[in-house]
Amino acid sequence: DQPPGEEFAKQKEARRKYVERAFGVLQVQFAIVSRPAQGWKHHNLNNIMKFCIILHNMIVEGKRD
């Protein structure tokens, strides 16, 4: 039997690794993702990340065809 928070901690760790891996893929494909962003506005960063994710998905779809 597991302690109450152990299953939650396992799930959180698994998702964290997934997000880190996905972000690593974006960093390799799009240099803008790996640059420092301290001076950028939050909505601009949000739009850039969404754009990179959409482009990545389009590239992956194109490779399947």
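The values are calculated or read from the model by the stated rules, or taken from the named source; none is laboratory data. Predicted model, so just to flag it, every value in this text is computed and none were measured. So basically every Cβ, Gly included, is an ideal-geometry build from the backbone, and we count neighbours across all protein chains shown. Please note that ligands, DNA and RNA were not included when accessible areas were found on the heavy atoms of the full protein model with its side chains. Shrake-Rupley method; radii C 1.70, N 1.55, O 1.52, S 1.80 Å.
The figures follow:
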item	result
Theoretical FRET efficiency, 1/(1+(r/R0)^6), r = Cβ-Cβ of residue 42 and residue 18, R0 25 Å, to 0.05	0.60
Whole-Å distance, taken between Cα centres, linking segment 46-65 and segment 2-41	17
Value at 222 nm in deg cm²/dmol, rounded to 500, when DSSP H runs of n ≥ 4 in the chain each add -39,500 (n - 2.57)	-26500 deg cm²/dmol
Pairs of lysine residues in the chain - Cα separation under 24 Å, sequence separation of 8 or more or cross-chain	4
Accessible-area order (highest first, 1.4 angstrom probe) of the listed residues 32, 54	54, 32
Loop-located trypsin sites (Lys or Arg not before Pro) in the chain, at most 10 other Cβ atoms within 10 Å (DSSP)	41
